[in-house]
Amino acid sequence: MSEHDPACIFCKIAEGKIPSRKVYEDDEILAFHDINPWAPVHFLMVPKAHVPSLAQAGPEHAALLGRMMTLAPKLALQEGCRPYPKGGYRVVINTGDDGGQEVHHLHIHVFGGPRPWAKG
Ligand code: 5GP
Ligand code: ZN
């Protein structure tokens, strides 16, 4: 698949150069626990290829993003989120500075588990 950005921390995680607590992996997608969780369940899903943010997503990413979005509920349950509708989870893609994005490699946050949460 396509390139990694050598300066990008999530590329390094996707390449296994920085360790992570893995939730899921396939050829195109890696999911891993957030290092600073603010809900009982908090993991990130990333494309292995470097895409800076959702703002750069184009038609060539539609299938991948669709797969990530439909995988999120399965991984959420696997990681301990309670089922819809009493349970559930929050799925977030921070995009750009105004969107609160700190790591510029497209990632989907999945938050869940019993409340209260530290944030959100
Ligand atoms: P953003 O604000 O960009 O949407 O979220 C970036 C997230 O990445 C933050 O929740 C932060 O805790 C997480 N994060 C940053 N560096 C690392 C890391 O090296 N490993 C892991 N597992 N998570 C990280
Ligand atoms: Zn990257």
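Brief remarks follow.
- Over all pairs of different C-alpha atoms, segment 1-63 has a mean inverse distance whose reciprocal, the Kirkwood radius, equals 12.5 Å.
- Heavy-atom accessible area, probed at 1.4 angstrom with all protein chains present, ranks His109, His104, His4 as His104, His4, His109, highest first.
- Kirkwood Rh, angstrom, the chain [1 / mean 1/r, Cα pairs]: 14.7 Å
- Between the Cα long axis of helix 62-78 and the first principal axis of the chain there is an angle of about 30°, rounded to the nearest 10.
- With the convex hull drawn over the C-alpha atoms of segment 45-100, the volume per residue is 103 Å³.
- Dividing the mean sequence gap of close Cα pairs (under 8 Å, 6+ apart) by how many residues segment 9-112 holds gives a relative contact order of 32 percent.
- Other-chain or far-sequence residues with amide H under 5 Å of Val51's (modelled H): Leu106
- Among the lysines of the chain, pairs that are 8 or more positions apart or on different chains and have alpha carbons within less than 20 Å of each other number 8.
- Computed label-point distance, nm, for sites Ala55 and Arg82 using a 7 Å Cα→Cβ extension: 3.9 nm
- Taking the chain as a whole, the Cys residues whose C-beta sits 4.7 Å or farther from every other Cys C-beta are Cys81.
- Accessible surface area normalised per residue over segment 1-71 is 55 Å², counting heavy atoms of protein chains with a 1.4 Å rolling probe.
- Sulfur and carbon atoms: percent of accessible area, segment 9-112 [1.4 Å]: 55 percent
The values are calculated or read from the model by the stated rules, or taken from the named source; none is laboratory data. No experiment lies behind these values; they were computed from the predicted model shown. No Cβ is skipped: glycine too gets one built from the backbone with ideal geometry, and neighbour counts run over all protein chains shown. Each accessible area value is taken on the protein alone, full model and side chains, heavy atoms only, with ligands, DNA and RNA left out. Shrake-Rupley method; radii C 1.70, N 1.55, O 1.52, S 1.80 Å.
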